[in-house]
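Engineer: Sharing a structure, written as structure tokens. Questions coming.
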Amino acid sequence: MSDSAEGGPSGDGDGTRAVRAGLPEPVKNEPTLPGPVFAAHFHLPGEVGGPYTYGRDENPTWTLLERAIGELEAPGQADVETLVFASGMAAVSSVLFSQLRAGDAVVLPSDGYQALPLVRAQLEAYGIEVRTAPTGQDAQLDVLDGAGLLWLETPSNPGLDVCDVRRLAEAAHARGALVAVDNTLATPLGQRPLDLGADFAVASGTKQLTGHGDVLLGYVVGRDAEAMAAVRRWRKIVGAIPGPMEAWLAHRSIATLQLRVDRQCATALTLAEALRARPEVTGLRYPGLPDDPSHKIASQQMRRYGCVVSFTLPTRARAERFLDALRLVDDATSFGGVRSTAERRGRWGGDAVPEGFIRFSVGAEDSEDLVADVLRALEESAR
Ligand SMILES: *Cc1c(COP(=O)(O)O)cnc(C)c1O
């Protein structure tokens with residue numbers, strides 16, 4: 001990676017790929033991106049045959065979106081299959097529950113997405129052994145022996161630790177385990193897990209992939225046909241499918257992915273640099289900061305560093321006053337949207353974070369305006 005810290009490598013084809021991703025061949029008098037196909041069933045006389053039979057199994061609007069996501073996660077690799085889901089958790093659960101059975105062991109991150117403990121309880125109820133270790137320092141290596149699946153989340157949410165995907169994937173494959181990477185925070189423009197050796201790239205498209213805070217979506221990308229067939233079967237059994245409108249909105253949003261990601265990443269670095277100079281800010285994390293503990297590995301495997309910055313203010317009350325004082329930043333959960341959001345993560349319980357811990361998602365505002373708003377809110381919250 002060369003100049004990505006300044007907002008993305010230029011000339012890498014990502015912008016071109018994003019605007020054209022998944023588009024069908026042009027057809028005279030037809031739109032560039034065909035509209036959503038609303039169909040519970042399709043005409044099906046005689047013998048049963050694809051591609052479109054019943055709306056829970058396939059839908060042409062999903063097909064185009066799946067093509068688009070596949071082109072971004074694994075450019076030029078025709079052997080990769082993509083499946084879209086109703087939400088990120090639908091995608092996460094589909095991989096875990098389709099690949100594991102009673103008696104298997106799985107390694108999860110101990111510092112990952114806040115719903116993972118709920119998933120853990122369900123896996124254990126089905127007789128699956130769940131082991132956890134932190135993302136930082138590749139600690140999941142130590143509990144790999146005998147596991148059938150290694151689940152990575154890098155950068156981790158909300159702590160922004162990064163693990164070495166190549167190293168962990170090699171170790172897992174040497175033990176016969178499959179590897180999945182939650183690519184939500186990085187987006188396919190920030191990191192390509194399959195190129196780093198993973199078997200599955202899994203993500204919530206609810207966040208920066210779609211980027212407007214108005215769609216829930218998830219996806220799984222994988223190269224192993226048998227493993228993907230099991231994931232597809234799971235989607236059919238559970239019916240965790242996106243509506244055609246959501247799928248179409250997601251595809252439309254992907255056209256601007258590179259513009260949004262580059263802008264948001266550049267501003268995230270500017271904001272992190274501004275926060276570093278503040279005495280009341282501790283525990284500042286942004287993988288794009290050269291002195292961040294994640295930076296070295298991030299710079300080897302990521303192409304962009306994401307739009308989330310995390311840091312800690314001295315007390316819960318100070319953090320609450322800070323959030324109240326922000327004018328350009330909504331106090332809301334989730335991340336990746338064009339409008340900046342921030343929240344005191346400890347209000348949810350579940351994440352092992354200090355009371356004053358803030359997860360800040362940088363939007364597409366002008367960076368001078370955003371940084372000025374944050375610095376003003378920090379001053380006001382001191383009083
Ligand atoms: C949000 C999120 C999910 C879950 O996605 P939903 O679309 O909310 O179901 C999974 N993993 C990570 C890292 C997330 O941030």
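Engineer: All but one of (1) assigned to a loop (DSSP other than H, G, I, E, B); (2) β-branched (Val, Ile, Thr); (3) within 13 Å of the ligand (Cβ to nearest atom) hold for ILE241, so report the exception by its number.
Structural biologist: Looking at each condition in turn, ILE241 falls short on (3).
Engineer: Out of (1) under 23 Å from VAL165 (Cα atoms); (2) in contact with a strand residue (DSSP E or B) (Cβ under 9 Å, 6 or more places away or on another chain), the odd one out for ALA247 is which?
Structural biologist: (1)
Engineer: Of all residues being assigned to a helix (DSSP H, G or I), farther than 30 Å from LEU118 by Cα and of a type in the set (A, V, I, L, M, F, W, C) in region 41-71, which is least open to solvent (accessible area, probe 1.4 Å)? Just the residue, please. So that I can check it myself, show each step before the final result.
Structural biologist: Initial filter on region 41-71 (assigned to a helix (DSSP H, G or I)): 60-71.
Checking which are farther than 30 Å from LEU118 by Cα leaves us with 60-61, 63-64, 67-68, 71.
Now drop any that are not of a type in the set (A, V, I, L, M, F, W, C), which leaves 64, 68.
Working: LEU64: 22, ALA68: 0 Å².
It comes out as ALA68.
Matching residues to (1) within 20 Å of LEU144 (Cα to Cα); (2) assigned by TED's automatic domain parsing to the domain that holds VAL143; (3) touching a helix residue (DSSP H, G or I) at 6+ places or on another chain (Cβ under 7 Å); (4) free of Cβ contacts under 8 Å to residues at least 24 places away in the same chain:
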{"position": "PRO24", "(1), (2), (3), (4)": "no, yes, yes, no"}
{"position": "THR53", "(1), (2), (3), (4)": "no, yes, no, yes"}
{"position": "PRO60", "(1), (2), (3), (4)": "no, yes, no, no"}
{"position": "GLU66", "(1), (2), (3), (4)": "no, yes, no, no"}
{"position": "SER93", "(1), (2), (3), (4)": "no, yes, yes, no"}
{"position": "ALA125", "(1), (2), (3), (4)": "no, yes, no, yes"}
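Engineer: So, one more: Within region 72-101, which residues are assigned to a helix (DSSP H, G or I), more than 10 Å from the ligand (Cβ to nearest atom) and either open to solvent by less than 20 Å² (accessible area, probe 1.4 Å) or under 13 Å from GLY222 (Cα atoms) (or both)? Steps first, please.
Structural biologist: Kept after step one, since they are assigned to a helix (DSSP H, G or I), are these residues of region 72-101: 72-73, 88-99.
Now narrow it down to the ones that are more than 10 Å from the ligand (Cβ to nearest atom): 72-73, 94-99.
Listed by number, the residues that qualify are LEU72, GLU73, SER94, VAL95, LEU96, SER98, GLN99.
Engineer: I would also like to ask the following. Taking the criterion of being out of contact with any Phe, Trp or Tyr (no Cβ under 9 Å at 6 or more places or on another chain), more than 30 Å from GLY336 (Cα to Cα), outside the structural domain of GLU343 (by TED's automatic domain parsing) and open to solvent by 30 Å² or more (accessible area, probe 1.4 Å), would at least one residue in region 148-165 satisfy it?
Structural biologist: For region 148-165, residues out of contact with any Phe, Trp or Tyr (no Cβ under 9 Å at 6 or more places or on another chain), more than 30 Å from GLY336 (Cα to Cα), outside the structural domain of GLU343 (by TED's automatic domain parsing) and open to solvent by 30 Å² or more (accessible area, probe 1.4 Å): present.
Engineer: Could I ask something else about it? Out of the residues in region 358-382 that are of a type in the set (D, E, K, R) and in contact (Cβ under 8 Å) with a residue 60 or more places away in the chain, which is most open to solvent (accessible area, probe 1.4 Å)?
Structural biologist: Narrowing region 358-382 to residues of a type in the set (D, E, K, R): 359, 365-366, 368-369, 373, 376, 379-380.
Cutting the leftovers down to in contact (Cβ under 8 Å) with a residue 60 or more places away in the chain gives us 359, 365.
Working: ARG359: 11, GLU365: 34 Å².
Here the residue is GLU365.
Engineer: Among the residues of region 144-185, count how many are in contact with a helix residue (DSSP H, G or I) (Cβ under 9 Å, 6 or more places away or on another chain), part of a helix (DSSP H, G or I) and either within 16 Å of the ligand (Cβ to nearest atom) or not aliphatic (A, V, I, L, M) (or both).
Structural biologist: Looking only at that region, the number is 3.
Engineer: Let me ask another. Taking the condition of a type outside the set (Phe, Trp, Tyr), under 26 Å from ASP12 (Cα atoms) and surrounded by 18 or more Cβ atoms within 10 Å (Cβ to Cβ), does VAL308 pass?
Structural biologist: Working: of a type outside the set (Phe, Trp, Tyr): yes; under 26 Å from ASP12 (Cα atoms): yes; surrounded by 18 or more Cβ atoms within 10 Å (Cβ to Cβ): yes.
Yes; evaluated as a whole, the condition is true for this residue.
Engineer: Examine region 29-39 for a residue that is among the aromatic types (Phe, Trp, Tyr), open to solvent by 60 Å² or more (accessible area, probe 1.4 Å) and modelled with pLDDT of 95 or more, and state whether such a residue exists. Give the derivation first.
Structural biologist: Restricting attention to region 29-39, the residues satisfying the condition of being among the aromatic types (Phe, Trp, Tyr) are 38.
Next, only the ones that are open to solvent by 60 Å² or more (accessible area, probe 1.4 Å) stay: 38.
Now narrow it down to the ones that are modelled with pLDDT of 95 or more: 38.
Checked against the condition, which is being among the aromatic types (Phe, Trp, Tyr), open to solvent by 60 Å² or more (accessible area, probe 1.4 Å) and modelled with pLDDT of 95 or more, region 29-39 yields at least one hit.
Engineer: Of all residues in region 257-276, which are within 29 Å of PRO34 (Cα to Cα) and surrounded by fewer than 18 Cβ atoms within 10 Å (Cβ to Cβ)?
Structural biologist: Listed by number, the list holds a single entry, LEU259.
Engineer: Residue under question is GLU226, and the condition is that it be in the same structural domain as ALA39 (by TED's automatic domain parsing), within 18 Å of the chain's Cα centre (by Cα) and part of a helix (DSSP H, G or I); does it hold? Please lay out each step first, then the result.
Structural biologist: Values: in the same structural domain as ALA39 (by TED's automatic domain parsing): yes; within 18 Å of the chain's Cα centre (by Cα): no; part of a helix (DSSP H, G or I): yes.
In short, no.
Engineer: To continue, here is another question. Among ASP138, ASP104, which is acidic (Asp, Glu), within 20 Å of ARG233 (Cβ to Cβ) and either surrounded by 18 or more Cβ atoms within 10 Å (Cβ to Cβ) or in contact (Cβ under 8 Å) with a residue 12 or more places away in the chain (or both)? Can you show your working first?
Structural biologist: Numbers: ASP138 fails: within 20 Å of ARG233 (Cβ to Cβ).
Matching residue, one of ASP138, ASP104: ASP104.
Engineer: Return the residue satisfying two criteria in turn: it lies in region 195-220 and is surrounded by fewer than 24 Cβ atoms within 10 Å (Cβ to Cβ) and more than 10 Å from the ligand (Cβ to nearest atom), and of such residues it is nearest to VAL95 (Cα to Cα).
Structural biologist: GLY197
Engineer: Please find, among LEU141, LEU108, the residue that is farther than 24 Å from SER299 by Cβ and either of a type in the set (A, V, I, L, M, F, W, C) or within 12 Å of the ligand (Cβ to nearest atom) (or both).
Structural biologist: On the way: LEU141 fails: farther than 24 Å from SER299 by Cβ.
Only one candidate qualifies: LEU108.
Engineer: Report the residue count in region 338-368 for those that are in a helix (DSSP H, G or I) and either under 17 Å from GLY159 (Cβ atoms) or assigned by TED's automatic domain parsing to the domain that holds GLY213 (or both).
Structural biologist: 4
The values are calculated or read from the model by the stated rules, or taken from the named source; none is laboratory data. Predicted, not measured: the structure shown is a model, and the values here were computed from it. When we count neighbours, we look across all protein chains shown, and the Cβ atoms used for this are built from the backbone with ideal geometry, even at glycine. Surface accessibility is based on the protein's heavy atoms, side chains included, excluding ligands, DNA and RNA. Shrake-Rupley method; radii C 1.70, N 1.55, O 1.52, S 1.80 Å.
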